[in-house]
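These notes concern the structure reproduced below.
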Amino acid sequence: MKRLRYFPEQLGVPGVRELVEVYFDAASEPLPVHVHPDAMELCFLVSGSQAYTVQGKAYPIRGGEMFLTYPNEEHQGATPFQERCQLYYMIVDTTHNRSGFLGFPGGECAGLACELEGIASRVFFAGERVQSLFEDCFAHAAALTAEPAHALERASLRAGLLFLLQAIVR
């Protein structure tokens with residue numbers, strides 16, 4: 001397994017707890033039961049297939065699909081082994097500091113946090129647009145953590161995350 005993971009101290013974007021890319025190059029143990037306190041997990045499967053369990057119900061997903069967990073939900077891998085795949089995910093705090101969500105002032109993005117929590121389908125097709133937007137966010141995160149980082153890179157990352165989350169709720 002190969003994992004590229006960015007944390008808040010690297011990103012500096014309010015509300016984003018993790019931005020992660022994972023390659024499962026071989027079958028591995030499933031994810032154990034876990035919770036993201038006051039945060040959603042937004043998972044986009046680039047290729048392969050996986051299954052996750054939330055509240056005893058299995059949710060299989062395939063490449064091009066999103067899988068969501070809502071704040072404080074216990075979830076885990078549903079299959080005996082994680083299959084070979086590539087996925088992107090982010091952990092987003094949709095509960096606290098909505099008025100400064102993603103670092104935009106004056107509550108400009110507070111409604112977006114509410115819209116994320118209001119998505120009715122836990123699994124849905126998201127396609128190439130969402131994949132491309134995730135890739136853009138990773139490119140900005142990499143540039144932000146490089147030395148020296150360009151002064152506008154954090155703003156570019158925030159804008160990229162905004163476009164990504166808007167695409168997910170639409």
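Taken along the Cα-to-beta-carbon direction at a fixed 7 Å, the label points for His34 and Thr145 span 1.6 nm. Enter the angle in degrees (range 0 to 90, nearest 10) between the Cα long axis of helix 153-169 and the first principal axis of the Cα atoms of the chain, meaning the one along which they spread out most. With rounding to tens, the tilt is 50 degrees.
Database remark: amide H of His36 closer than 5 angstrom to the amide H of Asn72, Glu73 (H placed geometrically; neighbours at sequence offset of 5 or more, or on other chains; Pro and chain starts carry no H). Region 69-117 and region 1-66 have Cα centres lying 10 Å from one another. Within the accessible surface of region 1-90, defined with a 1.4 Å probe on protein heavy atoms only, the carbon and sulfur portion equals 53 percent.
For the chain, the 222 nm mean residue ellipticity estimated from helices alone, with every DSSP H stretch of n ≥ 4 adding -39500 (n - 2.57) and the total spread over all residues, rounds to -9000 deg cm²/dmol. Using the Cβ-Cβ distance between Gln76 and Arg170 with R0 set to 41 Å, the FRET efficiency from 1/(1 + (r/R0)^6) comes to roughly 0.90.
In this structure the chain gives 48 Å² per residue of accessible area when probed at 1.4 Å with all protein chains present. Taking only the Cα atoms of region 71-165, the ratio Rg/Rh comes out at 1.00, with Rh defined as the Kirkwood radius. Of (1) 103; (2) 111; (3) 154, which one was derived for volume of the Cα convex hull per residue in Å³ from the structure shown? Entry (1).
The values are calculated or read from the model by the stated rules, or taken from the named source; none is laboratory data. Treat the numbers as computed from the prediction; the structure is a model and nothing was measured. Every residue, glycine as well, gets a Cβ built from its backbone with ideal geometry; the counts of neighbours run over all protein chains shown. Quick note on the areas: whole protein, heavy atoms, side chains included, nothing else; ligands and nucleic acids left out. Shrake-Rupley method; radii C 1.70, N 1.55, O 1.52, S 1.80 Å.
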